[in-house]
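Have a look at the structure below, then the notes.
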Amino acid sequence: MKQLLSKFGIEEVNPGGFAGQWCGSDTPIESVSPIDGTVLARVNQVSPDEFETIMTRAQEAFTEWRKVPAPVRGQTVRDLGNALREVKADLGALVTLEMGKIRAEGEGEVQEMIDICDFAVGLSRQLYGLTMHSERPGHRMYEQWHPLGVVGVISAFNFPVAVWSWNCALAAVCGDVTLWKPSSKTPLTAIACTKVAEQVCKKNGVDPAIFSLCVGRGSTVGEKLIHDRRIPLVSATGSCRMGYRIGAVVGERLGRTILELGGNNAIIVSQHADMDMAIPAILFGAVGTAGQRCTSTRRIIVHESARDALVKRLIAAYEQVRIGDPLEASTLMGPLIDTGAVDDMATALVRINKEGGEVLYGGERLGGDVYAGGCYVKPCIVSVPGNLDIVKEETFAPILYVMTYGALDEAIALHNDVPQGLSSAIFTRDLLEAEQFLSCAGSDCGIANVNIGTSGAEIGGAFGGEKETGGGRESGSDAWKAYMRRQTNTINYSTELPLAQGIKFGE
């Protein structure tokens, strides 16, 4: 463990702030591994005064970075991607050690970082505007996109490095700088990423403050970040409750937000489904990252004729899941992030029983020598009569609800009858069912899939959801536009001054 931490320059006590120089003098926090309860290291949080210093430096860095041609900015992001390639295994292991997801998922998260850097490099030569015909003779109209400013990035523990990269890579090629407030549960991965970016910037002769960091308390540093008018855009990933707060504060000052909040993702399993495809998709979606993904599969809406066979196969698959140390290659499910998450799962199961649900498999906390000090649970399958109150909430744990339907319209209504709208899927070999699910009268989610699960989005497509999920979009497609300001330009190359709409003034 110490050898791994030392590779990223992480010591027993570390400063949690960076904007060209490291700082941190506020109350230290401990990074505790959910694997066995080991304290990995301590991080001195950023004080309110230090936040002001970091913010000032980030703003100064922006005034210079915005002048750098976008393709040249892309070269720095390209080098960041190459640097991440070199540390992929080690950074993935650090994600596993601090967050608890299995090693393959930890390295997969770093691969997402590499992929988004590659995407952003290409994007740096494709920040296209439009030209349009003017109604006035001798005039030309076009639009262009300019850098926006300092982008505040607030990330959650479950993807402690990928979410930062989705934002910072796009923001950087767009000419913005980022100020990152990571989850206090995973500060070491944030420090490691910032140190990698710092070295890349120094190599390229770029102000390292374009990738700034502030590990700090939400009540002080977090509040200062979302209230700061010098931050025109706040991109936040987390709970719906957090999103309501950020949306209200930033909106009140007429700032922009990219909100990536809760998910309550369902898979409709038709009587026409290929069960050999559906079972592994459900298993990965529900059990992967111990059910702590915003895209985790939380509800199965299965045709009544296929329900018993599906449940039987699901239980058999769950019984094969090896739970334990996520650093071991044979492990399929690691721990929850902390004891609070374990307690939340237990509370949810009590409510499920009171509301009329029935636990079909799992749900117990795992103890004994094998799991000593860790936050391990058995993934749980629950039969419910429909969308109970508890089902409409997102419990960030491996609880899978199973309900039935008779007609596809009924299934889609059940599917959409939750406050969240992130990811969705249907398994069917019937083309008409697939098309109905993808139509305007089908899934109301930002992501809708056919014959693949709800989890595991690619960076080429814009990522995000509707309703309480927040409406934000990150990563691919044209999500870059959120990080820039649009400007419409008109040039008069004639010697006359005609007005729009044919207005005659002063005649």
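The values are calculated or read from the model by the stated rules, or taken from the named source; none is laboratory data. Please read these numbers as outputs of a predicted model, since none were measured by experiment. Positions of Cβ are generated from backbone atoms using ideal geometry, with glycine treated the same way; all protein chains shown enter the neighbour counts. For the accessible areas, the whole protein counts, side chains as well, though only heavy atoms, and no ligand, DNA or RNA atoms are used. Shrake-Rupley method; radii C 1.70, N 1.55, O 1.52, S 1.80 Å.
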Positive end of the charge dipole of the chain (Lys, Arg +1 and Asp, Glu -1 on Cβ, about the Cα centre): tell me which of I399, I459, A278 has its Cα farthest that way. I459
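Tell me, what % of the accessible area of the stretch 1-87 is carbon and sulfur with a 1.4 angstrom probe?
Carbon and sulfur: 48 percent of the exposed surface of the stretch 1-87.
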Within the stretch 14-164: Cβ-based charge dipole about Cα centre, in debye rounded to nearest 20 (Lys, Arg +1; Asp, Glu -1): 720
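When N counts the residues of the stretch 6-60, how does its alpha-carbon radius of gyration compare numerically with 2.2 N^0.38 Å, as a ratio?
Output field value: 1.29.
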Of the accessible area of the stretch 264-345, with the probe set at 1.4 angstrom, what percent is carbon plus sulfur? 52
If you roll a 1.4 Å probe over the stretch 158-211 with all protein chains in place, what percent of the accessible area is carbon or sulfur? 51
Counting all Cα-Cα pairs in the stretch 120-279, those more than 22 Å apart amount in percent to 53
Can you list the HN-Hα couplings for the stretch 356-368, worked out from phi with the Karplus curve (6.51, -1.76, 1.60; θ = phi - 60°), rounded to whole Hz and with x for Gly and Pro? x, x, 9, 6, 9, 7, x, x, 7, 7, 9, x, x
The stretch 418-492: radius of gyration and largest Cα-Cα distance (Dmax), Å: 16.0, 58
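I want the local charge near Q320. Using Cβ-Cβ distances under 14 Å, sum +1 for each Lys or Arg and -1 for each Asp or Glu among the other residues.
Working: positive: K312, R313, R322, K378; negative: E319.
In short, +3.
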If you take every residue apart from G129 with its C-beta less than 14 Å away from the C-beta of G129, what net charge results, scoring Lys and Arg +1 and Asp and Glu -1? +3
When the gyration tensor of the stretch 1-92 is built from Cα positions, what are the square roots of 5 times its three eigenvalues, in whole Å, from largest to smallest? 29, 22, 8
Vicinal HN-Hα couplings computed from phi for the stretch 75-84 (Karplus, 6.51 cos²θ - 1.76 cosθ + 1.60; Hz; Gly/Pro x): 5, 5, 5, 4, 5, 5, x, 5, 5, 5
Percent relative contact order for the chain, counting Cα pairs under 8 Å at least six residues apart, stands at 18
One would report the antiparallel percent of DSSP beta bridges in the stretch 354-507, rounded to the nearest 5, as 50
Solvent-accessible area per residue for the chain (1.4 angstrom probe, square angstrom): 41
Can you give the helix-only mean residue ellipticity at 222 nm for the chain, where every DSSP H stretch with n ≥ 4 adds -39500 (n - 2.57) and the sum goes over all residues, rounded to the nearest 500 deg cm²/dmol? -11500 deg cm²/dmol
Which value in Å is the Kirkwood Rh of the stretch 252-376 over different Cα pairs? 16.6
Rg to Rh ratio, the stretch 22-151, alpha-carbon atoms and Kirkwood radius? 1.14
Where in the stretch 317-379 are there trypsin sites (Lys or Arg not before Pro) that are in a DSSP coil and have at most 12 other Cβ atoms within 10 angstrom of their Cβ? R322
First obtain the Kirkwood hydrodynamic radius of the stretch 191-251 from its Cα pairs, then insert it into the Stokes-Einstein equation at 4 °C and 1.567 mPa s, and state the resulting D in µm² per second as a whole number. 97
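Within the chain, what percent of beta bridges assigned by DSSP are antiparallel, to the nearest 5?
Working: 28 of 71 bridges.
Antiparallel: roughly 40 percent of the beta bridges in the chain.
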Hydrodynamic calc, the stretch 133-217: Kirkwood Rh from Cα pairs, then Stokes-Einstein at 20 °C with viscosity 1.002 mPa s, so D in µm² s⁻¹ is 148
Let me know the shape class of the stretch 54-96, please: from the alpha-carbon gyration tensor, a ≥ b ≥ c as square roots of the eigenvalues, rounded when a/c is under 1.5, otherwise prolate if a/b is greater than b/c, or oblate. oblate
Translational diffusion coefficient (Stokes-Einstein; Kirkwood radius from C-alpha pairs) of the stretch 202-287 at 10 °C, 1.306 mPa s, in µm²/s: 96
For the stretch 87-175, what is one quarter of the convex hull surface built on the Cα atoms, given in nm²? 7.7
Give the value in nm², to one decimal: projected area of the alpha carbon convex hull of the stretch 331-456, averaged over all directions. 8.9
Mind grabbing the base-10 log of I(q)/I(0) for the chain at q = 0.05, 0.08, 0.11, 0.13 Å⁻¹? Debye formula, identical points on the C-alpha positions, no solvent, two decimal places. -0.21, -0.53, -0.94, -1.23
Just the number: Rg to Rh for the stretch 361-428, Cα atoms, Kirkwood Rh, two decimals. 1.08
Residues listed by number, the stretch 61-94, amide nitrogen under 20 Å from S6 label point at 7 Å toward C-beta: 87-94
